[in-house]
Amino acid sequence: MDILPPEIWLSIIQFAGASDPDGHLHAFINIALISKQFHHVVFCSENDSAVWKPAAISLGIHPGIHIDDVLFAGASSLENRSWRKVYKFMKEWQKPFPQDATIPKAKRVAWNLPSLKGAGDGFVRRTFEMACCGTGRGLSYQVKQPVAADKGNVIFEARNIDNDKTAVAAGLLEAGEERARQASGRSRRVEKHILFPFPLSAGYMVTEEKSGFVVSKIDPTTASASMSWLFGERRPDRFTSFKNIMVAITHHGPDDELSELPNAQNCRSILVCLKAGDPKPVWQLDVSVDWYHADDDYRGFAHVKNFHVTSTYLVALITRHPNAYMRKMTGTYFVVVNLLTGEIVKELKIHKKAVSPGEPAPPALPDPALMGANGPLQYNARASYTTAFSHDFILTDSVIVSGGPAGEILVWCFFGENASDTPIAVIPTDRFNGHQLRFTDLQLSTCGTYLALTSSKQMYIYDMIAKKPIEVYDNGRTVSDANRYSSNPLDDFPSGVWVRWTDWTMVSADDKQPLPTFTAVNEHGKYWKRIGEGVVYLSEAGIEFSYDNPLRALTVPKRLPRWVSNLRRAVHNNSSWILFTLIGLLLAALYSVLGVGKVYLAGYLGRMLERIYNDSRSG
């Protein structure tokens, strides 16, 4: 058998993997156990694409995608990518969580990054693998989702929301640094409507020039503008990009045809796809016209809330309404669109009922239309609200993570062998009195292995490969039971950014010790090894408060005295006795002024007038 050429070995392996009904992974492992030659063909880097890419395609990867264009490949910025790793990563991601998952006990988070220390003779560096927004008093933050191309840096935006004086500035937290600095460009003014319901994506600058509106992307590795998109006279409202392709929702331009529907001209409904440096759209459509269902008077009008892109698809979160006035919402959907053509590929509906596999199932059999890819997910009729609009959603090449009915965090698979029109998994979350807590932000780590959920005071970290919650951090914010479901209670706690950091060292590969799974060794026989990690809460994003810092005007809001904040918090917590006491003091003060006090005041004024009169006569 050893005399067979390599291409024959490869053909045998590809045929065995494609014919296995239980999946490629078990077939490849069984083949690799036959002989050393089979083991080498399955796991060598030369055959990585030929053996493992078809397996990844079966789980939802587009056939024409390059491995560098995969959003989350199971590798951080210091690790090499492989199709074997991508397949294993996607296979584990699309599995459901166990019903007996236990939330670990919260531990106090640090407020300062530890110093970077050396590890023997090896070279040490630090990367920021995950970042989330923290709510509180002061600035409002928006963090760009970290990816491997960011090289361990984090881009965020700080906003001082102050009606018509609202301004935005971009900040950069560089790998290895302990404080953030301002990225390229000056702070800019924005309009209120842009901040609701979803803010602008972090990491972009918007300028208005003679040729029209220009959106520039900030490179996280250099903190300067890397590429720009030309929108002409259409004012962009919300946008996102992948490499040189940008998709934006804009206002109508002067040459655009307006919909005949009432109030449609006031909606930001022009969806346009552009290439960097080219003002000619790749495609363009009017959501109020092209996605309008004329035969459905109840769900006819579509309105885009937010959207994200991969290398091949655009996924938009939309709501449907009877008409363009949007006074009544009749449906919530995820719409998957081909990024190069603008054509709708599929729609996923967010149901009004909560998916609760951890609770007792109803006596009736599950509806076959609500069967998930990994079995039936029972629907709970007690859903009264949805958090699909309370925070952003996360998009990978085949999976969506979003809020849902009753505050649940849902996982959707929109392509591949596990694709389903209903959620395939529900992430177990912390509850209070049997109800879901409200989350404020969702983010993935650079490698995509870890998912972070943040509430008003805590950060929950989940291992999406091991399918379990691994860490819970508390920033020390005091939240009463009455404010437990609030995303940002009324107090004087400072806002900030949650950051998860990882320390690495370069070590030599040792034949005596097994390497970690999927570790890539460079040509010098060395690889990056994790030596430490942790989470820190950077109050005011760790920005230095100096007069020469352009962000100072944004990061030093005027604070009320502590007693005022405590009084407002007490009133907000339904402390009725304080309110009655204040009313009693006010009535007592009014009585003293209008009752006994007016006699004293009249006598005092009379004596003053008499003194003035006597002084004038003596003079």
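The values are calculated or read from the model by the stated rules, or taken from the named source; none is laboratory data. Predicted model, so just to flag it, every value in this text is computed and none were measured. Don't worry about glycine lacking a Cβ; one is built from the backbone with ideal geometry, like all the others, and counts go over all protein chains shown.
Identify the residue in region 471-507 that is in contact with a Pro (Cβ under 7 Å, 6 or more places away or on another chain) and in contact (Cβ under 8 Å) with a residue 60 or more places away in the chain and, among all such residues, is nearest to Asn433 (Cα to Cα).
If we take residues in region 471-507 being in contact with a Pro (Cβ under 7 Å, 6 or more places away or on another chain) and in contact (Cβ under 8 Å) with a residue 60 or more places away in the chain, then Asn483 is nearest to Asn433 (Cα to Cα).
I need the full set of residues from region 277-327 which are part of a strand (DSSP E or B), of a type in the set (Lys, Arg) and more than 23 Å from Gly404 (Cβ to Cβ), in order please. Talk me through it step by step, then tell me what you get.
The first filter runs over region 277-327 and keeps only residues part of a strand (DSSP E or B), leaving 278-286, 301-309, 313-321.
Narrowing further to those that are of a type in the set (Lys, Arg): 280, 305, 320.
Answer for region 277-327, where residues must be part of a strand (DSSP E or B), of a type in the set (Lys, Arg) and more than 23 Å from Gly404 (Cβ to Cβ): just Lys280.
Would you please name the residue that is nearest to Ala73 (Cα to Cα), looking only at residues in region 299-317 that are within 17 Å of the chain's Cα centre (by Cα) and hydrophobic (A, V, I, L, M, F, W, C)?
Keep residues of region 299-317 that are within 17 Å of the chain's Cα centre (by Cα), which gives 305-310, 314-317.
Within this subset, residues satisfying the condition of being hydrophobic (A, V, I, L, M, F, W, C) are 307, 309, 314-317.
Values: Phe307: 21, Val309: 16, Leu314: 19, Val315: 19, Ala316: 22, Leu317: 24 Å.
Step by step, filter region 299-317, then rank; the result is Val309.
Out of all the residues in region 280-302, which are farther than 13 Å from Ile270 by Cβ and touching a Cys at 6+ places or on another chain (Cβ under 7 Å)?
Val282
From the set of residues in region 180-192 that are out of contact with any strand residue (DSSP E or B) (no Cβ under 7 Å at 6 or more places or on another chain) and either modelled with pLDDT of 75 or more or part of a loop (DSSP other than H, G, I, E, B) (or both), which is nearest to Leu538 (Cα to Cα)? Before you say what the answer is, go through the steps one by one.
To start, the set of residues in region 180-192 that are out of contact with any strand residue (DSSP E or B) (no Cβ under 7 Å at 6 or more places or on another chain) comprises 186, 191-192.
Restricting the remaining residues to those that are either modelled with pLDDT of 75 or more or part of a loop (DSSP other than H, G, I, E, B) (or both) gives 186, 191.
On the way: Arg186: 23, Glu191: 27 Å.
Only one residue tops the list, namely Arg186.
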